[in-house]
Each structure stands twice: as structure tokens, then as C-alpha cells.
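Asker: Have a look at the structure that comes next, please.
The values are calculated or read from the model by the stated rules, or taken from the named source; none is laboratory data. Keep in mind that this is a model prediction, so the values were computed, not measured. Every residue, glycine among them, receives a Cβ derived from its backbone with ideal geometry; neighbour counts consider all protein chains shown.
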Amino acid sequence: MLAISEQFKKQANLIAGEWVGADSGETIEVNNPATGEIIGTVPNSGKAETRRAIEAAQEAFQNFRKTSALERSQMLRRLHDAIMDNQESLAQLLSLEQGKSLVEARGEVGMSAAYVLWYAEEARRTYGDVVPSPWRDRRILVTKEPVGVIAAITPWNFPSSMLARKIGPAIATGCTAVVKPATQTPYSGLAWGLLAEQAGVPPGVVNILTGSASQIGGEITRNPLVRKVTFTGSTEVGKLLLKQCANTVKKVSMELGGNAPFLVFNDADLDRAVEGAIAAKYRNSGQTCVCTNRFLVQSKIYNKFVDRLAEAASALKVGNGLEEGTQQGPLIDMNAVESVESMIEDAVKKGGKIVAGGKRHSLGGSFFEPTVIANAKLRMRFTKEEIFGPISPVYKFRSEEEAIELANNTNFGLACYFYTQDLGRAYRVMEGLKYGLVGVNEGVITTAEAPFGGFKESGVGKEGGHQGIEDYLDTKYVCIGGLGL
Ligand code: NAP
């Protein structure tokens, strides 16, 4: 079965249309988090390779910027088709290096294709304006042009779709790209190079590097040829990159961490809320930026919700993502396991009650039991910190006002969810929540058609929707005078 994914397991970097190793010849091992097995290596590239990739992207930009919107749209359609033609192989590769279940991996690859198709459509709609002029003899045009070379840095939790949201708009607008996927999941990132070749994307338009994060990130942010940096990852690294970009005043998009609240009101449809809770929490073993971090449940239904959630969490099938039927794969590594354990220990010490899971799974390695902790209190660490693992802390609230206040009491502002059947309350709560994404009676809401992006320390900029293309464009005002009118 795995032989199919081998074709996309590219153990080289793509610079100026050539698949190459690191200058030093050094490599980094990549492993399968479900088994600990080494599945291959990738080049350990650094500053010099990054500079060459940026220069190649700059050179390719000179021609690529002149391609028509229709040509780029057609290129993206071919890229979409290449992804979908290889959905199963790409999903297997993704599951192999990341650990997520095949069902989720297929979904992620499908999502990548959906983003590419969306940007194929948006490529033809980057309209400018003709503005009524205050002068008789002058005319005002507002045009949109590609920013130039963009650099993208992505995390390990969605190694395919996070790149779709960046490579898609880059190609759509005529920008060229230098891409650095996460070291733990490089193959799904490198696969974009092969797919781009299959789709007829010219050499140098998409360059992909693996290796030292600080050296690649340092060169990307320092080099004046790079006009935009788009990053998805932790708030900590995002802040560092923002500082580094300041010296050359680049455009930036930052998709950072979250601390999603999931509110359940007394009047909620409980079946629906539990189903949404499982999807919003345990997807990707709790390792998504939009995963629920805090369940806030109204007092009357608190006990019932806790029982139902514990029952549903305990029923999840934990296993190797590549085995059909698996619902929750391993955590990415043992550091993640230790981090989850220390949060549980902290909660228990402070009065939390484990009602499901709570420990390493009997499968060993980095498998962890889906966990539910009742009696969650504000003083527990997960009130403020992103869990990034399969723990559901359940807090109790009494009034709507208290719920909104608790939900907003965080530096993050990415996703939130709430369940109610009262229309007035739905509007009040929706308007009261300081979050970039709000799910009302829905636990999974990401789609290419809608703008994805957080408030506060969860980031700046949007990906997807008609907003997603804007950051890849410069707006130019042109005044045409002396018309003799
Ligand atoms: P991370 O540690 O910030 O790493 C993300 C990427 O940044 C990786 O490619 C990493 O490279 C690179 N990186 C690390 N240090 C760097 C540096 N000094 N300079 C340049 N690049 C550097 O995040 P992660 O642990 O992979 O991902 C989890 C985080 O991402 C969570 O906080 C999650 O909420 C967030 N996330 C946000 C979104 C969103 O859309 N808002 C989506 C998904 C994930 P290496 O792999 O080589 O270290």
C-alpha cells in the first residue's frame, strides 16, 4: 500500500527548477510518529541555499508577472487536477509523516485542491478601479500588481493545506515563492514541487527548502528581494518573524496560535453539541490551531454534557493513521506527550477530575488517550495556554454575560464555537465574541470560500475568501494628466 506514496517522497530541495541536496551534503531524518521508523531524509539547507532560491524566484518573477490572469488560472486548474488525481498517494504520505488518520489526510488533501481551485477562480477577479477625477484634465486609475517574491513558512499539523493557502494566491497573482515546510513533515511540502511541475508551473516560480529554521527564516526575513512573508505556526515564532521583517518593511501575514472556547448553553441541542465537540476537539489528535481549548458549559446541562463528552471521547478508536478505521492517530512526538501530561498533572493538582482517558495509550510511543477533565478552573494552565493535544477541560458558567467574558479572556482570538437554539442569543453572543472565526451550532467551519484568520495574538491577515488574495497584491494609484480635456 505504501509503495504508492513513494513517488511523492522527494528527498531533495527544489531551487530554480532543479532538485538538489544541501551544499554541505547534510541531511535530516524524517520519521513516522506512529512507529518511530525512519522513513527517509531531506536536505539540511541553510542561508546560502535560501539566498539562491530567493534569487531564482526573483529571476522567474520577471517573466511570471507578465503571464495573463487566464494563463495563471488555467495553471492552477491543472494543479488542482494533479492534486486530485493523486489524492490517495498524497494522503498516505501525509499520514505516514504526520500521523493523522487516512480519513483526515484525504480530507486535508481535498482541502488543498479546493483552495487551489478557489484561487484559480479568484485569479481572474483582481479588479482595480477607475475613480471619478476631481480634475477635468486628469484621470485616476487604481491597479493591482503582484508584490513579487513571497516566502512561506508552514507548520507540521497541516503540511499540505497550509501551503495551498499560500502557493495558490501566489500563483494566482503572478508572484513567485520560496517555501519552507516544517522539518517533521517535509514530504507533503516537497510534493508541491512535483505537483507544480506536473501542472506546468515554470521553473523558479515555486522553490522549496528544508533545513535549519533559523538560517532559512533569517535569510528570508533579511533579504530585501522578499516582499512578503506568510507564516503559519506558533505565536512565539510569529512574533520573532514580525520583528525580523521590520528591518526591510515586508508585507506579512501571520496565522498563529489559538485558544478556542466552545460554549454550550442550557438551550443547546445536546446531540449536536457533543458531535461538534468531538470534531472540534479531537481532530488531528487535538493538534489544530482551531481545536477547542476550553469547553464552557452552562450550569443546568453541565453534568449531562460532561458525561456525554466523556462517553464519546472514550469511544474514539486510537491507532496508526494508516489503518482504516482509526479516528485518532499518535501525537507528533514525545515532547507533545510530555506537554499534554504536564497540563493534566497541573489540572489534577488544582482540583480537576479526569472523567475520560488521562494517560499514555496502551499502544505506546506517542499515542495518547482522548481525555476529558471536569471541574476545570481558571487557575489551571490550559485557561491561558494552547493545549495542542487531546484534552478537553470543561468549565462551568451561569449567565450569558459570564460566558462571553470567559470566552474573551485570552490573548488569542482565532476560532470559537457556541451552541444555542435561541436566535436572539445567537446574535448577541456572535457579536460579543472577539474571534476571527465563529461556529454557531457547527464544530468544523473551515472552507476555501471564507476568510480564515485570527484577531489579537492569533495573527494578521486572511487566507481564503475573496480577502485571501489581497496580501499578494500591491495597490497602485496612477494619475494620468495633461489630457487636454
Ligand atoms: P512552530 O514551532 O512555530 O513552527 C512552524 C514553522 O516555523 C516550522 O516550519 C518551523 O520550522 C518554523 N520555525 C521555527 N522557528 C523558526 C525561526 N526561528 N525562523 C523561521 N522559522 C521558524 O509551530 P508548530 O509547532 O510547527 O505548529 C503549531 C503551531 O502552529 C500552533 O501554535 C498552532 O496553533 C499554529 N497553527 C496556526 C494555524 C493558523 O492558521 N492560525 C494553522 C496551523 C497551526 P521547523 O519545523 O524546522 O522547526
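Asker: Test Gly459 against the criterion of being within 18 Å of the chain's Cα centre (by Cα), under 20 Å from Lys250 (Cα atoms), at pLDDT 95 or above and buried (at least 22 other Cβ atoms within 10 Å of the Cβ), and give yes or no.
Answerer: Values: within 18 Å of the chain's Cα centre (by Cα): yes; under 20 Å from Lys250 (Cα atoms): yes; at pLDDT 95 or above: yes; buried (at least 22 other Cβ atoms within 10 Å of the Cβ): yes.
Yes.
Asker: Pairs please, first residue from segment 337-359 and modelled with pLDDT under 95, second anywhere and part of a strand (DSSP E or B), Cβ atoms under 7 Å, 6+ apart in sequence or on different chains.
Answerer: none
Asker: Looking only at segment 147-194, count how many residues are surrounded by 24 or more Cβ atoms within 10 Å (Cβ to Cβ) and either within 18 Å of Glu219 (Cα to Cα) or more than 16 Å from the ligand (Cβ to nearest atom) (or both).
Answerer: The qualifying residues number 18.
Asker: Can you tell which of Ile373, Ile332, Ile354 is hydrophobic (A, V, I, L, M, F, W, C), crowded, with 17+ Cβ neighbours inside 10 Å and not in a strand (DSSP E or B)?
Answerer: From the options Ile373, Ile332, Ile354, the qualifying one is Ile332.
Asker: When both residues are 6+ apart or on different chains and their Cβ atoms are under 7 Å apart, which pairs have a first residue that lies in segment 242-262 and is closer than 30 Å to Pro393 by Cβ and within 14 Å of the ligand (Cβ to nearest atom), and a second that is of a type in the set (Asp, Glu) and modelled with pLDDT of 95 or more?
Answerer: Pairs that qualify, where the first residue is closer than 30 Å to Pro393 by Cβ and within 14 Å of the ligand (Cβ to nearest atom) and the partner is of a type in the set (Asp, Glu) and modelled with pLDDT of 95 or more, are Glu255/Glu463; Leu256/Glu457; Gly257/Glu386; Gly258/Glu386; Asn259/Glu386.
Asker: Here is a follow-up. Search segment 22-38 for residues that are over 18 Å from Ala336 (Cα atoms) and pair each with any residue that is acidic (Asp, Glu) and surrounded by fewer than 17 Cβ atoms within 10 Å (Cβ to Cβ) when their beta-carbon atoms are under 6 Å apart and the residues are at least 6 apart or on different chains.
Answerer: Partner pairs satisfying both residue conditions: Ile38/Glu29.
Asker: So, one more: I need a count of the residues in segment 439-453 that are crowded, with 22+ Cβ neighbours inside 10 Å and closer than 14 Å to Ala164 by Cβ.
Answerer: The qualifying residues number 2.
Asker: Run down Arg379, Arg425 and say which single residue is in contact with a helix residue (DSSP H, G or I) (Cβ under 7 Å, 6 or more places away or on another chain) and of a type in the set (Lys, Arg). Spell out the reasoning first.
Answerer: On the way: Arg379 fails: in contact with a helix residue (DSSP H, G or I) (Cβ under 7 Å, 6 or more places away or on another chain).
Going through Arg379, Arg425 in turn, just one is in contact with a helix residue (DSSP H, G or I) (Cβ under 7 Å, 6 or more places away or on another chain) and of a type in the set (Lys, Arg): Arg425.
Asker: Here's another thing I want to ask about it. I need the full set of residues from segment 21-31 which are in a loop (DSSP other than H, G, I, E, B) and either surrounded by fewer than 20 Cβ atoms within 10 Å (Cβ to Cβ) or among the basic types (Lys, Arg) (or both), in order please. Full working, then the answer.
Answerer: Looking only at segment 21-31, we keep the residues that are in a loop (DSSP other than H, G, I, E, B), and these are 21-26.
Correct list: Gly21, Asp23, Ser24, Gly25, Glu26.
Asker: Do you know which of the residues in segment 200-210 that are closer than 18 Å to Gln58 by Cβ and out of contact with any Gly (no Cβ under 7 Å at 6 or more places or on another chain) is farthest from the ligand (Cβ to nearest atom)? Step through it out loud before you land on a result.
Answerer: Let us first name the residues in segment 200-210 that are closer than 18 Å to Gln58 by Cβ, namely 201-209.
Filter once more, so that each one left must be out of contact with any Gly (no Cβ under 7 Å at 6 or more places or on another chain): 201-202, 205, 207, 209.
Working: Val201: 22, Pro202: 25, Val205: 21, Asn207: 15, Leu209: 10 Å.
This residue is Pro202.
Asker: Has segment 312-321 got any residue that is farther than 16 Å from Ile387 by Cβ, among the basic types (Lys, Arg) and crowded, with 16+ Cβ neighbours inside 10 Å?
Answerer: Pass one, segment 312-321, residues farther than 16 Å from Ile387 by Cβ: 312, 314-321.
Of the ones still in play, those that are also among the basic types (Lys, Arg) are 317.
Cutting the leftovers down to crowded, with 16+ Cβ neighbours inside 10 Å gives us none.
Scanning segment 312-321, I find no residue that is farther than 16 Å from Ile387 by Cβ, among the basic types (Lys, Arg) and crowded, with 16+ Cβ neighbours inside 10 Å, so the answer is no.
Quick grid of which residues meet (1) within 21 Å of Phe368 (Cα to Cα); (2) among the charged types (D, E, K, R); (3) out of contact with any His (no Cβ under 6 Å at 6 or more places or on another chain):
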| site | (1), (2), (3) |
| --- | --- |
| Val264 | no, no, yes |
| Asp271 | no, yes, yes |
| Val274 | yes, no, yes |
| Tyr282 | yes, no, yes |
| Val297 | no, no, yes |
| Ile301 | no, no, yes |
| Lys304 | no, yes, yes |
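Asker: Can you go through Arg379, Arg425 and tell me which one is over 25 Å from the mean Cα position of the chain (by Cα), modelled with pLDDT of 95 or more, farther than 23 Å from Ser339 by Cα and of a type in the set (Lys, Arg)? Spell out the reasoning first.
Answerer: On the way: Arg379 fails: farther than 23 Å from Ser339 by Cα.
Selected residue: Arg425, the only one of Arg379, Arg425 that is over 25 Å from the mean Cα position of the chain (by Cα), modelled with pLDDT of 95 or more, farther than 23 Å from Ser339 by Cα and of a type in the set (Lys, Arg).
Asker: With the requirement that a residue be in contact (Cβ under 8 Å) with a residue 12 or more places away in the chain, away from the ligand (no atom under 16 Å from the Cβ) and part of a helix (DSSP H, G or I), what does segment 279-304 give you? Please lay out each step first, then the result.
Answerer: Our first condition is that a residue be in contact (Cβ under 8 Å) with a residue 12 or more places away in the chain; within segment 279-304, this holds for 279-302, 304.
Next, only the ones that are away from the ligand (no atom under 16 Å from the Cβ) stay: 279, 295-302, 304.
Ala279, Ser299, Lys300, Ile301, Tyr302, Lys304, listed by residue number.
Asker: Still on this structure, I have one more. Among the numbered criteria (1) more than 18 Å from Phe158 (Cβ to Cβ); (2) more than 15 Å from the ligand (Cβ to nearest atom); (3) touching a residue at least 60 places away in the same chain (Cβ under 8 Å), which single criterion is violated by Lys434?
Answerer: Among (1) more than 18 Å from Phe158 (Cβ to Cβ); (2) more than 15 Å from the ligand (Cβ to nearest atom); (3) touching a residue at least 60 places away in the same chain (Cβ under 8 Å), Lys434 violates only (3).
Asker: Quick one: which residue in Glu236, Glu197 is near the ligand (Cβ under 8 Å from one of its atoms), farther than 15 Å from Ala53 by Cβ and modelled with pLDDT of 95 or more?
Answerer: Working: Glu197 fails: near the ligand (Cβ under 8 Å from one of its atoms).
Step by step, each of Glu236, Glu197 is checked, and only Glu236 is near the ligand (Cβ under 8 Å from one of its atoms), farther than 15 Å from Ala53 by Cβ and modelled with pLDDT of 95 or more.
Asker: When you scan segment 94-101, do you find a residue that is under 17 Å from the mean Cα position of the chain (by Cα), among the aliphatic types (A, V, I, L, M) and in a helix (DSSP H, G or I), even just one?
Answerer: Yes, some residue in segment 94-101 is under 17 Å from the mean Cα position of the chain (by Cα), among the aliphatic types (A, V, I, L, M) and in a helix (DSSP H, G or I).
Asker: Mind telling me which of the residues Lys47, Lys100 ends up being of a type outside the set (A, V, I, L, M), crowded, with 24+ Cβ neighbours inside 10 Å and touching a residue at least 12 places away in the same chain (Cβ under 8 Å)? Let's see the steps before the verdict.
Answerer: Numbers: Lys47 fails: crowded, with 24+ Cβ neighbours inside 10 Å.
So the residue among Lys47, Lys100 that is of a type outside the set (A, V, I, L, M), crowded, with 24+ Cβ neighbours inside 10 Å and touching a residue at least 12 places away in the same chain (Cβ under 8 Å) is Lys100.
Asker: Still on this model: Among (1) farther than 16 Å from Ala448 by Cα; (2) among the hydroxyl-bearing types (Ser, Thr, Tyr); (3) crowded, with 16+ Cβ neighbours inside 10 Å, where does Thr143 come up short?
Answerer: (3)
Asker: For segment 211-218, does any single residue satisfy the condition of being on the phi > 0 side of the Ramachandran plot, more than 16 Å from the ligand (Cβ to nearest atom) and surrounded by 22 or more Cβ atoms within 10 Å (Cβ to Cβ)?
Answerer: No.
Asker: On to the next question. Within segment 462-482, which residues are part of a loop (DSSP other than H, G, I, E, B) and crowded, with 21+ Cβ neighbours inside 10 Å? Give the derivation first.
Answerer: The initial filter retains those residues of segment 462-482 that are part of a loop (DSSP other than H, G, I, E, B), namely 462, 464-465, 481-482.
Listed by number, the residues that qualify are Lys462, Gly464.
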